[in-house]
Amino acid sequence: MPTTLDCYIMRNIFGSDRMRAVFDSSRLLQGWLDVWAALAEAEAEAGLIPMEAAAKIRSVARAENFDIVAIGKGVETGRHSLMPSIRALSEAAGDAGKYVHWGTTTQDIIDTGVVLQIRDALDIIETEVRTQIGFLLELAKRYRDTAMAGRTHWQHAVPITFGMKVALWIDELSRHVERLQRCREQVLVCQLSGAAGTFASLGEYAETVQQAFSRRVGLPLPSAPWYNVRDRFGEMVSTLGMIAATFERICLDTGLLSATEIGEVSEPQTKTQVGSSTMPQKVNPINGERAIANFHMVRGLVPVMQGIMVVPHERDMSTTATEWLLLPQVFILLDGGLSLAHRILIDLQVYPENLARNLRITGGGIVAEAVMFGLAQHLGRTRAHELTIEMAGKSHAEHRPLFDVLKENAEIRRYLDEDELRELVDPENHLGLAGKVVDGVVARAEALAVKVAK
């Protein structure tokens with residue numbers, strides 16, 4: 001029985017075909033076969049095994065040549081993750097089979113194989129993040145100057161622009177692209193150091209084989225063996241967890257802003273999408289809710305990966321074997337969440353009329369800060385703060401516009417006339433550097449974006 005990540009009914013809620021393919025059984029086996037073939041070629045290049053043996057191993061090292069189900073049964077009966085595959089490749093290679101897995105150890109093959117999968121998985125994640133930056137750049141530019149209520153502590157604070165809100169998402173995602181690029185430098189390295197890291201099994205050939213192997217497998221050599229050193233994966237999963245957290249925040253923002261009482265944005269709806277099984281009027285932010293569920297799971301796996309970094313002695317599968325389950329889940333769940341976020345952000349519906357309506361819902365209270373600083377020039381900050389609190393409280397209690405309350409106060413009218421007060425209570429006049437923030441973020445992020453036709 002397949003798990004939820006694989007079952008035909010639920011799998012596309014939590015993952016995508018493109019990422020599942022990176023971690024399916026065939027790709028897993030092909031990674032090992034590619035590593036064995038590269039190893040044989042490196043050893044032949046060093047003069048350790050015959051060149052024709054390496055060529056034969058390479059020629060048969062294709063996953064479609066093997067019975068994956070039989071290999072899986074062999075893992076169960078033999079209690080060893082790699083030996084059934086070694087035997088299968090050795091048999092397929094005929095006389096050259098005696099050189100399969102020559103001088104190496106299980107973790108060399110598994111670690112290098114999973115790095116090949118990670119390389120493809122990181123390509124998918126980085127491309128998707130860059131693509132969504134492209135969507136967001138268009139939103140930020142379109143709504144650069146569209147004022148809305150900024151909210152702190154769940155309440156109206158001061159005006160911002162919708163473009164600025166989006167720009168803050170972009171700014172964070174841009175740093176994640178940079179983090180992913182650093183992860184590539186740290187994580188995409190091979191492993192080939194024998195039983196405990198000394199590679200004594202190959203004697204004088206060890207360094208030559210390592211160099212040739214690195215070149216043929218397409219991964220640089222690490223600074224040192226990393227059998228029990230899992231900080232590279234720890235950093236990578238932490239970065240993926242941060243990406244999940246950022247997109248979770250974006251989906252939470254868009255979901256909250258789509259609430260009936262707010263109505264400032266909504267997810268795009270398809271003709272076939274069902275809002276609710278019982279309430280026909282509902283247009284639920286279902287993509288965002290499902291994405292958030294995925295992102296919760298990804299973030300939850302970050303401390304698990306950090307625990308896996310605690311490996312006793314030179315090698316211990318009780319910890320590193322956990323990666324075999326964790327890494328595919330992290331990538332599949334993250335990509336599943338990103339795919340759902342993609343559906344939201346490619347055509348996010350923004351309602352400027354509701355942004356304007358909500359901006360004025362406090363009757364001018366949202367620009368009390370502007371009033372306070374306008375008065376402070378004449379009264380000093382302390383008295384201006386006290387007086388503005390009094391006026392804002394009266395405006396709220398009496399359900400009257402702040403402007404009307406201000407112009408009735410004799411102390412205020414000694415310093416500010418009606419035109420000056422009207423200027424102070426206009427939210428459009430209290431946007432500060434919002435536009436410049438958008439411009440700066442957009443300029444920095446343009447080079448990172450992948451532009452796609454909608």
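The single condition from (1) open to solvent by 50 Å² or more (accessible area, probe 1.4 Å); (2) farther than 23 Å from V209 by Cβ that M19 fails is (1).
Under the condition of being open to solvent by 30 Å² or more (accessible area, probe 1.4 Å) and touching a residue at least 60 places away in the same chain (Cβ under 8 Å), the residues counted in the stretch 24-34 number 3. Sort out which residues of the stretch 220-245 are part of a loop (DSSP other than H, G, I, E, B) and either over 18 Å from A321 (Cα atoms) or among the aromatic types (F, W, Y) (or both), and write them in order of number. The answer is P220, L221, P222, S223, A224, W226, Y227. Total residues in the stretch 289-328 satisfying the condition of being part of a loop (DSSP other than H, G, I, E, B), open to solvent by 40 Å² or more (accessible area, probe 1.4 Å) and not acidic (D, E): the figure is 5. Of the residues making up the stretch 334-351, those that are open to solvent by 10 Å² or more (accessible area, probe 1.4 Å) and either of a type in the set (V, I, T) or under 22 Å from M242 (Cα atoms) (or both) are S339, H342, R343, I346, V350. Output the residues belonging to the stretch 233-262 that are more than 30 Å from G113 (Cα to Cα), open to solvent by 30 Å² or more (accessible area, probe 1.4 Å), among the acidic types (D, E) and in contact (Cβ under 8 Å) with a residue 12 or more places away in the chain. Scanning the stretch 233-262 gives a single hit, D253. Of everything in the stretch 67-112 that is among the β-branched types (V, I, T) and outside any helix (DSSP H, G or I), the residue that is surrounded by the fewest Cβ atoms within 10 Å (Cβ to Cβ) is T105.
Comparison of L387, L416, L379 shows that the only residue that is touching a Phe, Trp or Tyr at 6+ places or on another chain (Cβ under 8 Å), more than 22 Å from L359 (Cα to Cα) and not acidic (D, E) is L379.
Of the helices (runs of 4 or more DSSP H) lying entirely inside the stretch 397-454, the ones with 2 or more residues being more than 15 Å from A384 (Cβ to Cβ), at pLDDT 95 or above and touching a helix residue (DSSP H, G or I) at 6+ places or on another chain (Cβ under 6 Å) are found at 434-445. For the stretch 345-373, a residue qualifies if it is part of a loop (DSSP other than H, G, I, E, B) and closer than 17 Å to T152 by Cβ, and the qualifying residues are I361, T362. Does V405 satisfy the criteria of being within 27 Å of G163 (Cα to Cα), crowded, with 19+ Cβ neighbours inside 10 Å and either of a type in the set (V, I, T) or in contact (Cβ under 8 Å) with a residue 24 or more places away in the chain (or both)? No. The single condition among (1) closer than 30 Å to E128 by Cβ; (2) surrounded by 20 or more Cβ atoms within 10 Å (Cβ to Cβ) that N354 does not meet is (2).
The values are calculated or read from the model by the stated rules, or taken from the named source; none is laboratory data. Just so you know, these numbers come straight off a predicted model, no measurement behind them. Using ideal geometry, Cβ is built from the backbone for each residue, glycine included, and neighbour counts are taken over all protein chains shown. Ligands, DNA and RNA are excluded from the accessible area calculation, which covers all protein heavy atoms including side chains. Shrake-Rupley method; radii C 1.70, N 1.55, O 1.52, S 1.80 Å.
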